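Here is the structure we will look at, set down as structure tokens.
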Amino acid sequence: MDKQIDSNSETTGIEDTTLTPEQEKAKPLTKKLVDNKGKFTTDLVSQYLTAIGNFDLLTAEQVVELAQEIESGEKAAIKLQKKQFKDKKQEIKLKILKKSGEKALENLCLFFYPLLVKNVESICSEHEQEIGGLIYDDLLDYGRVALVQLLKKTNSDNDVLLPDFIRVNIFTEISNYYFKNYSNYKKSY
């Protein structure tokens, strides 16, 4: 899947003198597909980890704020489901809170995703499974679901620090899933 870039060309693998207008537009996108060794990559995890490096980490206060938004969004969703609102104005306010909670959950998932990937890679390496293989993909998918469930389980009033709670529990969840589903699986060589 990886192609070596010609050493006479730029990191994009395209010489500047022969660029068409379409290639010029695609040039920034092409740079994102080049790894730090100058090879083209189609590895989505590497691309994601490279892209996430462009964002600032969340502070403890921001994590707590997002957890509070998730909590209030879930309460609003329950009230909407049970139709516990007086008028259209209150219904709209509840919908906005629900949407805000969903967005906060998405942001926290993005924040913890590199930790999830690291844990899955660790488990695969420990059990001699191919990184990028089917088991890896399955563990990553399960980890995403487990991460969302863990984030929904926590509430902002807990004395437990959310990052510590997630760090410990996401590894446990993925490990348990691996042993439940793949403990007898042997890698074929």
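Hey, any hits in region 60-70 for a residue that's under 25 Å from L162 (Cα atoms), modelled with pLDDT of 90 or more and small (G, A, S)? Checked against the condition, which is being under 25 Å from L162 (Cα atoms), modelled with pLDDT of 90 or more and small (G, A, S), region 60-70 yields no hits at all. Residues of region 100-131 that are surrounded by 18 or more Cβ atoms within 10 Å (Cβ to Cβ), within 15 Å of the chain's Cα centre (by Cα) and among the polar types (S, T, N, Q): N119 alone.
May I ask you to say which residue of L134, L139, L97 is farther than 23 Å from V64 by Cβ, of a type outside the set (K, R) and open to solvent by 30 Å² or more (accessible area, probe 1.4 Å)? Don't jump to the end; show me each part of the working.
Numbers: L139 fails: open to solvent by 30 Å² or more (accessible area, probe 1.4 Å); L97 fails: farther than 23 Å from V64 by Cβ.
Among L134, L139, L97, only L134 is farther than 23 Å from V64 by Cβ, of a type outside the set (K, R) and open to solvent by 30 Å² or more (accessible area, probe 1.4 Å).
Are any of the residues in region 73-90 open to solvent by less than 100 Å² (accessible area, probe 1.4 Å), closer than 15 Å to L162 by Cα and under 21 Å from the mean Cα position of the chain (by Cα)? No - not one qualifying residue is present in region 73-90. Residue count for region 132-151 under the criterion of being in contact (Cβ under 8 Å) with a residue 24 or more places away in the chain and over 13 Å from E173 (Cβ atoms): the result is 3.
The values are calculated or read from the model by the stated rules, or taken from the named source; none is laboratory data. Small disclaimer: the values here were computed from a predicted structure and weren't measured. In this analysis, Cβ positions are derived from the backbone assuming ideal geometry, glycine residues included, and neighbour counts consider all displayed protein chains. Quick note on the areas: whole protein, heavy atoms, side chains included, nothing else; ligands and nucleic acids left out. Shrake-Rupley method; radii C 1.70, N 1.55, O 1.52, S 1.80 Å.
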